[in-house]
Every structure is written in C-alpha cells, then in structure tokens.
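Q: This is the structure, below, for whatever I ask next.
The values are calculated or read from the model by the stated rules, or taken from the named source; none is laboratory data. This structure is a prediction, so every number in the text was calculated from the model and none was measured. Quick reminder, even Gly has a Cβ in these numbers, built from the backbone with ideal geometry, and neighbours come from all protein chains shown.
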Amino acid sequence: MILSFTGLRQYIAKALPDNLKKAIPAGIGLFIAFLGFQNVGIIQPNKYTLVQFFDFHGAWANADSPLAGWRAIAPVLIAILGLIVMGVLSKFKVKGSVILTILGSTVLYYLVTWQAPVFDFTSIGDSFVAFGKEGLLGAFKGFGTIFVAEGNETTIGVILSAIMLVITFSLVDMFDTMGTLYGAASQANMLDENGDPINMKQSMNADSIATVTGAALGTSTCTTFVESSAGVGVGGRTGFASLITAACFFVCLFLTPIATIIPACATAPALIYIGVLMLKGFAKVDMDDIASAIPAFLTLVMMPLTYSISNGIAIGAISYVLIRLFTGKYQKKDITVTIIAALFLLRFFFISM
C-alpha cells in the first residue's frame, strides 16, 4: 500500500523498457492458455519430457469400463470443441460468445458423460472458517513466535529471513499485478501513448487495498487476476463490470455447490481463447533488434515455463540489463530496471522457490 499510494509502484511500472511492456501481455496470454490446457488435461505431466499431449489410448485402455474410459476422454474433446465453437461465434460477432460456450459446454458435459451434477451443501460453511482461524481474529497469533529462533537458528537470522520473505511476497505480488494490469489494459485498448495503462495509480491503489484487506480476512493473496482478461475480451471496460463480478462472488459464498458444477472442460476454452487474443501484442516487438528480441522472448516463454508472471518479468529484466551493459547501450533511464533486476537476483539466490 505504501508503494502504491506514494506512486513508487507506478513509477517502477513505467520505467520498464518498451519491449518488456509489449511482451508482458503476450506472456500472460501464453500463461493463461497453458492454464486452460492443463486444467482440462489436454496437456499432461510426463516424467521424461515434463509435459505431453493427452493420452487418449492410455485413458481408454486403463479404464475399468467403456463408460469410465469415455468419461476420461470426453472432457478433452468437449474443451477442444468448445474452443472451436467460441472462435466461430466470435468470428460472427455473436455477443456473449464466451459465456454461451461455457454454459453450452457444461450442459454437453453432463449429457455425454451420462451423470448428474453433484451438490454438496455441507461445504457452504467452509467459506467462513478461515476468517476465524487465519483471518482478522487469528492474524496476530503468530507474532508471538515469528521471531523466536529454534535449533541452530539465530535471532538475527530469523529476523532477516522474515524481512526477506516480506520483500519477496511484495515483489511477487507487485509484479504479478503489474503484468496482469498491462495485459488486461492492452486487451481492452486502454493503454496511453507511452504504452502504459490509463489510471494506473488508481488501479494500483485498489489492488493494494484488496491485498491487505484479503489477508486480514483470512484469504490467500487477493490480486489482480489474469482471468479478468476473459471479461475484458467480451466487453468489460469499467468498474461496473467489477461490481457485478463482486456481487456474483458474494452470492457464491453461500452457493458454492452450485458454482462448482461448472466443469473444467467448460472454462478451459475461455482461458485458451483469451490467451490467443493476448498474444497479438508480441507482434509489436522489434524482432530485428536482437538486443530487444531476447529479453522480450524470455519474458514471453518464462511466464508459462516457470508458472509465474513475476518470474517472467524478472528474467526479462535481468537479460535486458546484461545485454545493455555488454553492448555499451546502458543509459541513465535503465537504472530503475537495474534495481528491479538486482532485487530479483537476491530473491532467486536467497529465497527457496
């Protein structure tokens, strides 16, 4: 919040080099698409190659029955079909193509797998459990032990470790949000003449308030979410869209079982589709200038490969600084991105990933 309200966070964002600003939305798009492929199982883990395409033969051969084999395969086929349908509807400029495909894919999933949605109403109260245990009522319980050394630790070492963890979480959250904001604003055509999101300071302030408030209420980190681009892709441009989303989430606190009946094969096409839309920004990177192309490329691919938006920005920034230094192109304006790169280097070497 201090970084946001003093404007330092906005200054850091604007100090990023132009090639990284153009690569960040594309990298996030690739990351979102990878999440979609992974969520539905189109991309699977492989102990030899790390990832592989869905094993149709294996899923069918290892199933206990033909019905079980079909239920294993059907979600992948529905997701691929959903992506094609979404593209066709968008080509014909059908309003609400994303949500229509999600709803249609949900119905199709339950029809072809010959099963009914399961409603577990016992999980409704789970939404409020964390408020008492880890939220506002329990937030201060840990302060009595956080600086207490155990075993071979020293008090100074524990304090330094705690400080580094705070800085690390701040860096990760700050650059995750920064990258997402650039990606969503690019998708919404809401970048200014310098390639920066309009009303950036207000956006950063709102994000920081949500982060601190969410922590006090016992949730995992509240941050600007990459899937926001799905809403932007179908026309969401103002705060009113966010208010509607917030209202829907509030209802979901009490109707969690209903919200969970939407299968992954219905939402995965939306993530992949938005990823496709966000990749178009990378075409603006000057690929003829290798000093610009390498940091942009690393930013692009390292987001999905390291499963982190902030890691992609970090590796892109580090490579940018090194190339500028060794080619004699380093300028005064690069000092800020150099500090960013140095902080991330400290994080990489002193904090376990």
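Q: Just checking, does region 16-35 include any residue being under 21 Å from Cys265 (Cβ atoms), in contact with a Phe, Trp or Tyr (Cβ under 7 Å, 6 or more places away or on another chain) and in contact (Cβ under 8 Å) with a residue 40 or more places away in the chain?
A: The answer is no; no qualifying residue exists.
Q: Condition test on Leu346, is it out of contact with any strand residue (DSSP E or B) (no Cβ under 9 Å at 6 or more places or on another chain), more than 20 Å from Lys22 (Cβ to Cβ) and of a type in the set (A, V, I, L, M)?
A: yes
Q: Only one of Asp173, Asp196 is surrounded by 16 or more Cβ atoms within 10 Å (Cβ to Cβ) and within 15 Å of the chain's Cα centre (by Cα). Can you tell me which?
A: After ruling out the rest, the residue left standing is Asp173.
Q: Mind listing whichever residues of region 314-335 are touching a residue at least 40 places away in the same chain (Cβ under 8 Å) and surrounded by fewer than 17 Cβ atoms within 10 Å (Cβ to Cβ)?
A: Within region 314-335, Lys333 is the sole residue that qualifies.
Q: Which members of region 186-210 meet the condition of being assigned to a helix (DSSP H, G or I) and either in contact (Cβ under 8 Å) with a residue 40 or more places away in the chain or farther than 25 Å from Ile274 by Cβ (or both)?
A: Residues satisfying the conditions are Ser186, Gln187, Met200, Lys201, Met204, Asn205, Asp207, Ser208, Ile209.
Q: Surrounded by fewer than 15 Cβ atoms within 10 Å (Cβ to Cβ), in contact (Cβ under 8 Å) with a residue 12 or more places away in the chain and within 17 Å of Leu271 (Cβ to Cβ): does that describe Leu103?
A: Spelling it out, Leu103 is indeed surrounded by fewer than 15 Cβ atoms within 10 Å (Cβ to Cβ), in contact (Cβ under 8 Å) with a residue 12 or more places away in the chain and within 17 Å of Leu271 (Cβ to Cβ).
Q: Restricted to region 32-57, and to residues that are of a type outside the set (A, V, I, L, M, F, W, C) and assigned to a loop (DSSP other than H, G, I, E, B), which residue is surrounded by the most Cβ atoms within 10 Å (Cβ to Cβ)?
A: Per the stated criteria, the residue is Gly41.
Q: Check whether at least one residue in region 20-31 is modelled with pLDDT of 90 or more, part of a helix (DSSP H, G or I) and more than 30 Å from Lys333 (Cβ to Cβ), and report yes or no.
A: No, the conditions are met nowhere in region 20-31.
Q: Select the helices (runs of 4 or more DSSP H) contained entirely in region 240-353, then report the ones holding at least 2 residues which are under 30 Å from Gly104 (Cβ atoms), modelled with pLDDT under 85 and within 17 Å of the chain's Cα centre (by Cα).
A: Output list reads 264-278.
Q: Here is a follow-up. When you look at Val94, is it of a type outside the set (Ser, Thr, Tyr), surrounded by fewer than 16 Cβ atoms within 10 Å (Cβ to Cβ) and at pLDDT below 90, yes or no?
A: yes
Q: Also, quick follow-up: Just to be sure, is Phe250 of a type in the set (Phe, Trp, Tyr) and either closer than 17 Å to Ile12 by Cβ or surrounded by 14 or more Cβ atoms within 10 Å (Cβ to Cβ) (or both)?
A: no
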